[in-house]
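Asker: The structure that follows is given in the form of structure tokens.
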Amino acid sequence: MQIIDNIKFTFNTTYSTGNEECHNILIHGDNKDVLAELWPEYANRIRCIYIDPPYNNGETYHYYDDNNTQWDWLKDMRRVLNLLKPLLSKDGSIWISIDDSEMAYLRVEADKIFGRENFAGTIIWQQRKSRENRAVFSCNHEYILVYAKDLKTFKKKRNLLPVNEDFIKSKYKNPDNDPRGPWQSVTANVQSGHAVPSQFYTVVSPTGVRHDPPKGRCWIYNEERMKREIAEGNIWFGKDGSNTPRVKKYLRDAKIGLTPETIWLADEVGTSDSAKKQLMTLFPDKENIFETPKPEELLKRIIEIASDEDDYVLDCFIGSGTTIATAHKLNRHYIGIEIGNQMSELVVKRMNKVIEGETSGISKLVGWHGGGDFIFYNFDKKAAQIKVESDIQQITQIEQIERPKKVTVHYQQLDFFDVLQSYPEHIVENDVAHEDFAEYNLEDEPHGYIVKADKNVLVSLVKPDNVERYLDQSAKIYYTGKKFPSTVALNKLYYFMPYIKNKGVRDLYLIKIARVGSRKEGQPDNDPNDLRLVFEIEFLKTLFNDYKPVELEIWHTFTDTTMKEILDKYMK
């Protein structure tokens, strides 16, 4: 796997039970850093993602603080969700646990990232059975927001809830001793809103009783098809052969199961209290147990709906390790990421117990007797940074020998009418960039994109009325001032880095389109004659941990350079 060759991941032999070819992976590190490194290997491969992020409820727990401003919390969630989306397979889904305090706000952000059309539903989980008498209302539930990568594909591929033999026997019978086996009957008429004339006719039963479709409805088949189905014994008229026709559906052809509902009761999927009791059973001598675990029964239902055996399950907020413990017992591959100390103090020990065959949680329910293995990686961002800086320094030393002397360039203002003449379609598309992205088959938000050092980058001062959108990385367009240097070749530009006054540069964008536009496009006070050069841009990644105070070489407003020169200067 490619992760083995990534210098940022250090294989931990002490905690690992398997070798580096194992598909079950634990990673100790910041999920925002780790996820960006996973997509070259795992893009479009993860079938089920479950995350139980901090709820931003103002509490302080043993292993983490859940006290942040809403702005910062939403910013972190937006970043994580954007990093997770490219990892999902086309039939994949993401399940997000949250409570009342931030659910509505998180839903809005998730709609933007995954698309409202891919919202699958909100699960209401009965998280507790006891009554809280100190509150205005005793809140006994939490939510799980469910989004699909592609809802139509997910609907076709998601699994139904299992049913027992008694349920099957109650639904499927064989009163006419049909040699094809047990069957159940369903209505033979449907709503007539989209019917065609051939669906309106009279059906005659074996005893001669005539049946017309009810008012506002029509037969499910046209008359020719209905006669054929009757002749083949696929239509049921009741024991006496006189009843309204119904279609026979055979057990042998059925996909047995129940459509998941949106209310999940504690008796079926456990509670927070039952999850804590399981941890205390696993670690009876541990003083500080994880305060907010999820029950294995809850994760079992999610994983079984959203994936099949040998599919990948990912959780980048591992917490106490419930997701990966459940995935292990259900024969799924998994990737678990956690920044907290519980990764080594709790999760690794829990997984060792799972491999040994511990009998808590869902073990008895699924017949778990132990087995399998996992591998453990430490994610070392600092070590990787040192390696990058060392490589850049070596390249710089070699190239300094042959580097030509700097030539003074006299800049002139770009004539917008020359642009209109040179590019009659009014736009210059960055086709090269799309080819590079196609290699990884990413959609919409290519976060974690590997920087290409040979590509051109334009560093530009951001106008004061646009600063906020660049600070929170939500900017979609950049418009220039009246002056733009004529020496900058629009069809060579690839990247864009916004320069924030009194800060410098930090974030990297892709220039998708360069075109002529106006300063306040889409706004009521827009003046279409106020011509500006407009770049349509897309956020790629945060390039530096902190802002770098670069020098703006052209009119103290622009710098036209390459990514290699940026890295040479500012990654030291």
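Here, each number is a calculation from the coordinates, and none is a lab measurement. All figures in this text were calculated on a predicted structure; none of them were measured in a lab. Note: ideal-geometry Cβ built from the backbone for every residue, glycine included; neighbour counts use all protein chains shown.
Asker: Please give the calculated 222 nm ellipticity per residue for the chain, where each DSSP H segment of at least 4 residues contributes -39500 (n - 2.57) and the sum is spread over every residue; nearest 500 deg cm²/dmol?
Answerer: Estimated from H runs of four or more residues: -8000 deg cm²/dmol.
Asker: May I pose another question? Which label belongs to the value computed from this structure, given these candidates for log10 I(q)/I(0) by the Debye sum over Cα atoms at q = 0.08, 0.10, 0.12, 0.13 Å⁻¹: (1) -0.45, -0.73, -1.11, -1.35; (2) -0.67, -0.95, -1.20, -1.30; (3) -0.73, -0.98, -1.18, -1.29?
Answerer: It is the value labelled (3).
Asker: So if a site counts as exposed when it's one of the GluC sites (Glu not before Pro), its DSSP state isn't H, G, I, E or B, and it has at most 10 other Cβ atoms within 10 Å, what's the longest stretch of the chain without one?
Answerer: Longest run free of exposed loop sites: 22-231.
Asker: Note the angle between two axes, namely the Cα long axis of helix 31-42 and the longest principal axis of the Cα atoms of the chain, as a number of degrees from 0 to 90, rounded to the nearest 10.
Answerer: Value to nearest ten degrees: 70.
Asker: So for the pair Arg469, Asn133, with labels modelled 7 Å out along Cα→Cβ, what separation do we get in nm?
Answerer: Simple spin-label model gives 5.5 nm for this pair.
Asker: So if each residue of separation counts as 0.36 nm, and I subtract the Cα-Cα distance between Asn174 and Lys349, what length gain in nm does that give?
Answerer: Working it through step by step, the gained length comes to 57.7 nm.
Asker: If you keep only loop residues by DSSP, which chymotrypsin sites (Phe, Trp or Tyr not before Pro) in region 49-157 have at most 11 other Cβ atoms within 10 Å of their Cβ?
Answerer: Phe137
Asker: Quick one: length gained pulling Phe544 to Lys152 fully straight, 0.36 nm per residue minus the C-alpha distance?
Answerer: 137.2 nm
Asker: Of Val467, Phe558, Asn526, which is farthest towards the positive pole of region 466-572's charge dipole, taken about the Cα centre with +1 and -1 on the beta-carbons of Lys, Arg and Asp, Glu respectively?
Answerer: With unit charges placed on the Cβ atoms, the residue in question is Phe558.
Asker: A further question follows. Quick check: Cα centre of region 80-102 to Cα centre of region 473-532, how many Å?
Answerer: 31
Asker: Let me ask something else about it. Students often get this wrong, so check it: of Lys149/Lys501; Lys75/Lys512; Lys156/Lys277; Lys112/Lys155; Lys215/Lys248; Lys8/Lys364, which have C-alpha atoms separated by over 27 Å?
Answerer: Beyond 27 Å: Lys149/Lys501; Lys156/Lys277; Lys8/Lys364.
Asker: How much FRET efficiency would the formula 1/(1 + (r/R0)^6) give for Tyr250 and Asn140, where r is the Cβ-Cβ distance and R0 is 35 Å, rounded to 0.05?
Answerer: 0.25
Asker: Can you figure out the FRET efficiency of Thr14 with Asn44, using R₀ = 30 Å and their beta-carbon distance, to the nearest 0.05?
Answerer: 0.35
Asker: Taking R0 as 25 Å, what's the FRET efficiency between Glu553 and Val451 from their Cβ-Cβ distance, rounded to 0.05?
Answerer: Between Glu553 and Val451 the formula returns 0.75.
Asker: Quick check: from the Cα gyration tensor, does region 98-176 come out rounded (a/c under 1.5), prolate or oblate?
Answerer: Oblate shape, in that a/c is at least 1.5 and b/c is the bigger or equal ratio.
Asker: Any chance you could run the full-extension gain for Asp308 through Thr207? It's 0.36 nm times the residue separation minus the Cα-Cα distance, nm to one decimal.
Answerer: Difference between extended and current length: 31.5 nm.
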